[in-house]
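The values are calculated or read from the model by the stated rules, or taken from the named source; none is laboratory data. Computed from a prediction, not measured in an experiment: that's the story for all the values here. Virtual Cβ from ideal backbone geometry, glycine too; neighbours counted across all protein chains shown. We work out accessible area using only protein heavy atoms, side chains counted, and drop any ligands, DNA or RNA first. Shrake-Rupley method; radii C 1.70, N 1.55, O 1.52, S 1.80 Å.
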Amino acid sequence: MYTSKKYGILIIIMAVIIFLGILTGCGKSDDNKKNSSSDGEMSSREVGDTEEDANEDKKSKEDSESGTDKQEELSSEEVEAGEYKTPEYIDDDNDEAKNCKEKMIKLSGRKSDLYQIDEDCYYRGDRYIMYFRKGTVISGDCAEAVEEVMGRLEEMYGMSYIKTDYLTNYPWRRTYFSQTSFNSINTDNEKVNILVLPDTGDGSVEGATDSVVVLFDHDLDNEKADFCRVFHEMTHALRRRQGGFMGDIFEEGVALYSEEKLAKEYNLGDWTLIQYVKTDDYYSDFDDSAMLSDPVGAYKDMELDDQQKLLPEYHYGYRLVTFLVDNYGIDIIKKISDTSNKYDYDYGYVDIEIDIIKEATSDDVFDKFAQWVPQGWAEHSKEVVDYVTQFDEQ
């Protein structure tokens with residue numbers, strides 16, 4: 001009995017060992033499967049070791065297959081890393097380009113394509129010529145983005161970027177490039193000259209006349225707030241090409257009105273508008289009192305003598321144009337522009353500017369404006385603040 005029991009116990013122990021061995025084998029098999037899966041994932045990543053290496057391998061393969069084709073679309077990682085496409089220049093078939101030493105750039109139309117301009121060049125549009133200074137960084141869709149704004153402004157105001165008799169001969173070539181730069185391009189200002197420059201941080205600002213618009217390269221991204229500068233400056237060009245210069249108050253007022261309206265359409269947070277409003281939380285240092293007590297006298301003072309150092313022409317103009325549109329409709333801007341064409345006057349002739357506004361509206365328009373400001377501008381200020389502050393986190 002003892003011997004049988006001993007052998008019985010041994011048999012049981014061996015059975016247990018075999019059973020445990022089977023379980024251990026199954027575990028190792030599962031582990032092997034897991035390791036095999038992990039190794040497979042790692043292998044696909046190890047092709048380039050890192051995403052940068054993978055991009056480099058991809059680039060080498062593309063170069064070997066198609067020379068050095070740099071015009072394919074960049075990945076988002078490459079764009080964020082600050083990698084640029086090599087600018088491609090093409091022949092300009094226009095006769096005026098025959099004597100121009102600068103080249104015409106080809107733009108891809110894709111936002112993801114970034115170019116760092118390696119020489120002064122230009123781009124020809126239907127209603128504009130864009131000039132890029134060396135060192136400027138632009139995207140492949142920058143010209144289309146600006147052209148879309150031009151079309152929207154024309155539609156909004158019922159005006160056109162047509163050539164007029166009021167074109168100023170501003171020496172932009174000498175000022176921003178060289179005396180002989182682009183010497184044969186658009187010399188009659190038939191199209192709007194749009195200059196795109198790198199922002200050197202020297203305090204320079206964007207600007208516009210009837211024939212020239214100056215922008216920085218960072219203004220051209222239509223998904224960022226800086227694009228509101230395009231709304232502003234392209235409005236100046238449109239208004240000035242439609243009629244005679246109407247003074248800083250009216251011109252800046254129309255530009256700010258456009259800036260606000262299109263910022264909302266493009267869903268951009270234009271915080272620069274906050275400096276002109278008056279609410280409980282946001283209050284400008286600009287004093288409305290003179291404008292309320294003597295709106296015509298204040299118009300003349302602010303137009304001719306900027307003693308307040310608070311850009312009074314912007315404050316007065318923003319209020320005035322908002323009032324005009326609210327009370328006379330958006331067509332009033334074109335009506336004032338058309339009326340200005342009937343007058344022969346020089347820059348800064350403020351009395352005629354006032355007469356033009358009255359003729360297009362009514363003799364008591366400035367009195368009505370002064371009555372509107374306390375409540376009308378307060379309500380509009382709240383609208384601006386409510387819109388802009390939703391972008392606080394962005």
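Given the Cα-Cα distance of SER284 and TYR89 and 0.36 nm per residue of separation, how much length would full extension add, in nm? Present the calculation step by step, with values, prior to reporting the outcome.
Values: separation 195, 0.36 × 195 = 70.20 nm, distance 4.82 nm.
Gain on stretching SER284 to TYR89: 65.4 nm.
Dividing the radius of gyration of the alpha carbons in the range 201-296 by their Kirkwood radius gives 1.00 for Rg/Rh.
3J(HN,Hα) couplings calculated from phi for the range 192-200 with the Karplus curve 6.51 cos²θ - 1.76 cosθ + 1.60 (θ = phi - 60°) are, in sequence order, 6, 8, 10, 9, 10, 10, x, 7, 7 Hz; Gly and Pro show x.
For HIS218 and ASN267, compute 0.36 nm times the residue count separating them, minus their Cα-Cα distance, and round to one decimal in nm. Don't jump to the answer; show the numbers that get you there.
Details: separation 49, 0.36 × 49 = 17.64 nm, distance 1.76 nm.
Using 0.36 nm per residue and subtracting the Cα-Cα distance, I get 15.9 nm.
Accessible area ranking (1.4 Å probe, heavy atoms, ligands and nucleic acids excluded), largest first, for TYR122, TYR89: TYR89, TYR122. Cα convex hull, the range 232-391: 106 Å³ per residue, rounded to a whole number. Counting every pair of alpha carbons in the range 123-193, the share spaced more than 19 Å apart comes to 43 percent.
Write down the Kirkwood hydrodynamic radius of the range 99-149, to one decimal in angstroms, obtained as one divided by the mean of 1/r over all alpha carbon pairs. Please report the intermediate quantities before stating the final value.
Values: mean 1/r = 0.0888 Å⁻¹.
Kirkwood radius, the range 99-149: 11.3 Å.
Would you kindly calculate the translational diffusion coefficient of the range 217-271, applying Stokes-Einstein with the Kirkwood radius from alpha carbon pairs, for 4 °C and a viscosity of 1.567 mPa s, and quote it in µm² s⁻¹ without decimals?
Working: Rh = 11.4 Å.
Diffusion coefficient, whole number: 113 µm²/s.
For the set LYS335/LYS368; LYS224/LYS382; LYS224/LYS278; LYS335/LYS358; LYS111/LYS224; LYS85/LYS134, the pairs lying more than 21 angstrom apart at their alpha carbons are LYS224/LYS382; LYS224/LYS278. For VAL213, the residues 5 or more places off, or on other chains, whose built amide H falls under 5 Å of its own are ASN193, ILE194, LEU195.
Distance between the 7 Å Cα→Cβ label points at THR180 and ASP305: 4.8 nm. Overall, the accessible surface of the range 257-348 at a probe of 1.4 angstrom is composed of carbon and sulfur to the extent of 45 percent.
Dipole size of the range 255-369 about its Cα centre, with +1 on Lys/Arg Cβ and -1 on Asp/Glu Cβ: approximately 380 debye, rounded to the nearest 20.
Calculate log10 I(q)/I(0) of the range 146-241 for q = 0.15, 0.24 Å⁻¹, where I(q) comes from the Debye formula with a single equal point scatterer on each Cα and nothing for solvent. One equal scatterer on each Cα of the range 146-241 leads to -0.60, -1.35. Quickly work out the GLU144-to-ASP386 label distance, labels modelled 7 Å from Cα along the C-beta direction, and quote it in nm with one decimal. Taking the simple label geometry, ASP386 and GLU144 are separated by 3.5 nm.
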